[in-house]
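Dropping a structure here in structure tokens format, bear with me for questions.
The values are calculated or read from the model by the stated rules, or taken from the named source; none is laboratory data. Note that this is a predicted model, so its numbers are computed, not measured. Note that each Cβ is placed from the backbone with ideal geometry, even for glycine, and that neighbours are counted across all protein chains shown.
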Amino acid sequence: MTVTRMRILATLCIYAVLGVSCNSGGGPAPGPNPPPPVQRPAFDAPRAFADLEAQCAFGSRAPGTDAHDRCEAFLLQELQQAGARVVTQDFTSATALSDQQYQFTNLMGIFSEDEAGEVLLLGAHWDSRAVADHDPDPNLRDRPILGANDGASGVAVLLEMMRGFADVAPPRPVIVAFFDAEDQGAPGSTLPNGGWIIGAQYLADNWPQELPWPDEMILVDLVGGDEEHNARVGTPPMSDDVFTLPVEGNSLTGAPDLVDRIWTTAERLGHDAFVRDAGRRITDDHVPFLNAGVEAIDIIEFVPPEWHTTDDTPEHCSPDALEQVGETLLEFTYGD
Ligand SMILES: [Zn+2]
């Protein structure tokens, strides 16, 4: 509180003691000062990009790998450092790509749990795909992908937001969820959801009693694309030649109001990657929550040309993309 404001308050108190109004015009007396608005923390895009690189430095976070274990430990540490109350959820599953039973873990942290207001769930998947089955080179299609954009970008946005939560507690309860086993599906798989979104489905079906059920959910996936990625030689252009975030189809059908609020927030901030074109319907981690009655949306560029190729590397990602998404979500969390 500034000295000036303290003086004004002191003056108001004196008037209150004397029983007189400073409003000599005879109109209604001024009400109590409204609480100051909560300042949203800044989003540090280079620091977020370093989080993207840090995940990739572990290697591909495909199921059963050491990199998967190391990344899990990293995320756990980040949640604890940010001051979240951490809840983890272990489960085992086969995948559409392997009959092997893998150990998976969803990682959650809650902030501002004692605040009133609707509970916001922010999510991203932290595993990376075990095969580069869309690689233009057939010889590389059995390699795991690095998942710089597909996985690490969404996680990076949430990690940087969490640092903001540590600095300025959100004015409403916020749960950050890192979903495992999102990206191991396959066409024709007989597993539920084609073997995609195993972790998020498990979480929605087995919600931990230590956490409040969310009212709203925002998923971020493939949010790190750079401006020129579609112009590169060797990968067919599959979307616009700039990084854009059209409105994912299931989000538009299931949670049109939340879509509008997020896109309006982005437009107010001048983040022009958010476009109101109708995008495809995507089976992603928001779907189990939509099906369970949560207002849930997916912010996603689908599909960038490096999608499920060995080219999904930090060189094809940009801090600007992370900033557009992260700043929009911070503004929404603190100001909407
Ligand atoms: Zn993927």
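Of all residues in segment 273-304 being among the acidic types (Asp, Glu), assigned to a strand (DSSP E or B) and buried (at least 20 other Cβ atoms within 10 Å of the Cβ), which is farthest from the chain's Cα centre (by Cα)?
Pass one, segment 273-304, residues among the acidic types (Asp, Glu): 277, 284-285, 295, 298, 301.
Now narrow it down to the ones that are assigned to a strand (DSSP E or B): 277, 295, 298.
Among the residues that remain, those that are also buried (at least 20 other Cβ atoms within 10 Å of the Cβ) are: 295, 298.
Details: Glu295: 15, Asp298: 9 Å.
Here the residue is Glu295.
Being part of a helix (DSSP H, G or I), in contact with a helix residue (DSSP H, G or I) (Cβ under 9 Å, 6 or more places away or on another chain), modelled with pLDDT of 95 or more and hydrophobic (A, V, I, L, M, F, W, C) is true for just one of Ala166, Ala132. Which residue is that?
Checking each option against the conditions leaves just Ala166.
Restricting segment 82-120 to residues that are among the β-branched types (Val, Ile, Thr) and assigned to a strand (DSSP E or B), which is nearest to the chain's Cα centre (by Cα)? Talk me through it step by step, then tell me what you get.
If we filter segment 82-120 for residues that are among the β-branched types (Val, Ile, Thr), which is where we start, we get 86-88, 92, 95, 105, 110, 119.
Narrowing further to those that are assigned to a strand (DSSP E or B): 86-88, 92, 95, 105, 110.
Values: Val86: 17, Val87: 17, Thr88: 18, Thr92: 24, Thr95: 24, Thr105: 17, Ile110: 14 Å.
By that ranking, first place goes to Ile110.
Any residue in segment 121-134 that's of a type in the set (Phe, Trp, Tyr): show its pairings with residues that are more than 11 Å from the ligand (Cβ to nearest atom) at Cβ separation under 7 Å, as long as the two are six or more apart or on different chains.
Sorted first by the residue in segment 121-134, then by its partner, the pairs are Trp126/Arg61; Trp126/Cys71; Trp126/Leu75; Trp126/Val155; Trp126/Phe178; Trp126/Phe179; Trp126/Asp180.
Within segment 149-170, how many residues are surrounded by fewer than 24 Cβ atoms within 10 Å (Cβ to Cβ) and within 14 Å of Gly225 (Cα to Cα)?
0
Can you tell me which residue within segment 179-202, out of those that are out of contact with any Asp or Glu (no Cβ under 6 Å at 6 or more places or on another chain) and assigned to a helix (DSSP H, G or I), is surrounded by the fewest Cβ atoms within 10 Å (Cβ to Cβ)?
Pro192
Another one. Do we find a residue being at pLDDT 95 or above and part of a helix (DSSP H, G or I) anywhere in segment 218-235?
No: zero hits.
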